[in-house]
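These notes concern the structure reproduced below.
Throughout, read-outs are computed from the coordinates displayed, never taken from laboratory work. Remember, predicted model here, so these are calculated numbers, not experimental data. We place every Cβ from the backbone using ideal geometry, glycine too, and count neighbours over all the protein chains shown.
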Amino acid sequence: MTMRSFFLMLCFILNFLVVFAQEPLKFAEVVLVEGAAKSELFERATIWFNTNQRSTIGDVVLKHSNEELGELVGEARINYTTNKNEEFKIANGYIEYTIKISVSDEVYNFEFSNFIHHVDELTEKSINFDLLTYEETYPNSNNVDSKLVNKIWNDIKLKVINNSSSLIENLKKTMSTSVEP
């Protein structure tokens with residue numbers, strides 16, 4: 001990625017964050033796959049969940065599926081650790097979230113939502129950010145160094161955005177590829 005494309009992506013993300021500040025972080029899209037039957041798209045989505053159970057991007061686990069309704073629901077987890085700054089370690093932990101995929105003939109939609117941050121070890125200094133939102137500043141930064149907390153808050157969200165972008169790209173690739181009989 002060139003510096004220019006990185007800068008453009010960062011500007012887009014920051015603009016997006018300002019517009020949707022109070023909303024919980026969520027990624028959703030409806031995608032057309034011409035000629036693909038509902039059963040084929042359901043099989044592709046199931047394959048995607050199964051191949052991403054232990055990926056380098058994050059752990060994805062299928063929790064519920066209903067082929068008749070064309071629904072798949074899973075949970076995912078991203079580890080959050082950083083070497084940026086010793087102070088950032090107060091937020092080392094993980095982010096859990098929900099992935100929903102719905103399929104019908106020639107179309108599917110996905111939603112990545114309910115991103116919740118947890119620390120590995122709860123201490124006096126650690127910070128559990130809980131539900132991640134589009135807000136630029138952490139909404140509950142009472143009695144703590146708000147500048148540091150906001151840096152960590154945005155670093156966590158950037159990791160979620162990068163991770164989700166990779167998973168979404170991978171999902172779209174899987175959903176557009178026919179399954180061999």
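Listed values, structure above:
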| read-out | value |
| --- | --- |
| In region 47-88, trypsin sites (Lys or Arg not before Pro) in a DSSP loop with at most 12 other beta-carbon atoms within 10 Å | 54, 84 |
| Per-peptide average of other Cβ atoms within 10 Å, ordering 112-124, 35-47 highest first | 35-47, 112-124 |
| Student exercise, region 25-175 dipole from Lys, Arg, Asp, Glu Cβ charges, in Debye to nearest 20 | 400 |
| Distance violations [Cα-Cα > 29 Å] among 26/173; 63/157; 125/157; 84/173; 63/125; 63/173 | 84/173; 63/125 |
| Anisotropy class of region 25-175 from Cα gyration tensor, a/c 1.5 cut | prolate |
| Net charge of neighbours whose Cβ lies under 13 Å from the Cβ of residue 95, counting Lys and Arg as +1 and Asp and Glu as -1 | -3 |
| FRET efficiency estimate (nearest 0.05) - Cβ-Cβ, residue 169 to residue 81, R0 35 angstrom | 0.90 |
